[in-house]
1. In this structure, does SER79 turn out to be more than 19 Å from THR8 (Cβ to Cβ), at pLDDT below 85 and among the small types (Gly, Ala, Ser)?
2. So VAL7 fits all but one of (1) loosely packed, with under 11 Cβ neighbours inside 10 Å; (2) modelled with pLDDT under 90; what number is the exception?
3. Being without any contact (Cβ under 8 Å) to a residue 60 or more places away in the chain, buried (at least 17 other Cβ atoms within 10 Å of the Cβ) and in a helix (DSSP H, G or I) is the filter here; which residues of the stretch 17-42 pass it?
4. Using the structure shown, decide if PHE39 is aromatic (Phe, Trp, Tyr), modelled with pLDDT of 95 or more and within 10 Å of the chain's Cα centre (by Cα).
5. Evaluate the following for VAL58: is it surrounded by 11 or more Cβ atoms within 10 Å (Cβ to Cβ), assigned to a helix (DSSP H, G or I) and either modelled with pLDDT under 90 or touching a strand residue (DSSP E or B) at 6+ places or on another chain (Cβ under 7 Å) (or both)?
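The values are calculated or read from the model by the stated rules, or taken from the named source; none is laboratory data. Quick caveat: nothing in here was measured; it's all calculated off a predicted structure. Neighbour counts are summed over all protein chains in view; Cβ atoms, including those assigned to glycine, are modelled from backbone coordinates with ideal geometry.
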Amino acid sequence: AWDPNPVTKADAASMCAAVRRVLVPFGEFVQISFAQPHFRMKYLNGFEDCENSSEGTVSQCYHWNITQTAFGEAGCLESFIYICKKLD
């Protein structure tokens, strides 16, 4: 199983917590990345039980709803848009 370095996890958690802190209620954080959902969703969920993460996932750690969309040609520099909408 893929398990990132503890420093990477701490950095990602710090970033997500800071984003959540500055978002207005129901504000959105948009992230565009080459990272595929099975990797990126773990960060955006706070490394909770993400094995079953899918579009519409609510992160209990950051209390935001996460949606993701792919764009570009599959398998050839496909990119992903992740939108985290604060729930309060």
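1. Criteria not met by SER79.
2. Result: VAL7 fails condition (2) only.
3. Answer for the stretch 17-42, where residues must be without any contact (Cβ under 8 Å) to a residue 60 or more places away in the chain, buried (at least 17 other Cβ atoms within 10 Å of the Cβ) and in a helix (DSSP H, G or I): PRO37, ARG40, MET41, LYS42.
4. Criteria not met by PHE39.
5. no
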